[in-house]
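Taken together, the values in this text are just the output of simple stated rules run on the coordinates, not laboratory data. These figures come from a predicted structure and were not determined experimentally. Every residue, glycine among them, receives a Cβ derived from its backbone with ideal geometry; neighbour counts consider all protein chains shown.
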Amino acid sequence: MFNPSRDEVRLFFTDTWRKQRQGEILTPLEAIAADWIVEHPEYHADLTDGEAAQAQDYSPERGQTNPFLHLSMHLAITEQLSIDQPPGIRAAHERLAARLGSTHEAQHAIMDCLGETIWEAQRTGTPPDTDAYLQRIERRATRD
């Protein structure tokens, strides 16, 4: 299993953004990441300065969203959707996207479900409950 360090993740995204802006060839994973970066112009400044990105401490207490965590979650969800894992996530995503009118907003809703699932696993010291994760997404998809 691939388990990059914080610095490796930040380097991946800053290098991907640099390559995208310079028109360089991207790997398939970089191309997916670049698509998500383009969707988030609010992160472009953070991704432009690699040294500053490595040093920055993104703190919720300071009202900051960590762009690297956010983009990493987009990549994780994109991968889950591509292989339909957990089974049913792709269909739930499609229902959620139809309800919200946007695949991007559907990903953000799933991101909340993923964050809650990871938090619960960390709190209980157990593996993430994929059934509960999918149920959270299904509830989001069927809300009125």
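Computed values, structure above
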{"read-out": "Stokes-Einstein D for the range 67-127, Kirkwood Rh over Cα pairs, 25 °C, 0.890 mPa s (µm²/s)", "value": "204"}
{"read-out": "Mean Kyte hydropathy of -0.5 or more with a Cα span along the axis of at least 20 Å, helices from DSSP in the chain", "value": "67-83"}
{"read-out": "Dipole of the chain, positive direction: furthest Cα of Gly50, Thr16, His70, with charges on the beta-carbon", "value": "His70"}
{"read-out": "Gain upon complete extension [Ile118, Ile25; 0.36 nm per residue less C-alpha separation]", "value": "30.1 nm"}
{"read-out": "Least to most buried among Trp119, Trp36 (fewest other Cβ within 10 Å first)", "value": "Trp119, Trp36"}
{"read-out": "The chain - percent relative contact order, Cα under 8 Å, separation 6 or more", "value": "18"}
{"read-out": "Computed magnitude of the charge dipole of the chain (debye, nearest 20; Cβ of K, R +1, Cβ of D, E -1)", "value": "300"}
{"read-out": "Cβ charges +1 (Lys, Arg) and -1 (Asp, Glu), total dipole of the range 27-72, debye", "value": "80"}
{"read-out": "Expected 222 nm ellipticity per residue - DSSP helices of 4 or more, -39500 (n - 2.57), all of the chain, to 500", "value": "-22500 deg cm²/dmol"}
{"read-out": "Over the range 15-87: Kirkwood hydrodynamic radius from C-alpha pairwise inverse distances, Å", "value": "13.3"}
{"read-out": "Cα→Cβ-extended label distance, 7 Å offset, between Thr126 and Leu69, nm", "value": "2.4"}
{"read-out": "Which of Asp57, Asp112 has the fewest Cβ neighbours within 10 Å, and the rest in rising order", "value": "Asp57, Asp112"}
{"read-out": "Where GluC sites (Glu not before Pro) fall in DSSP loop in the range 43-82, at most 10 other Cβ within 10 Å", "value": "none"}
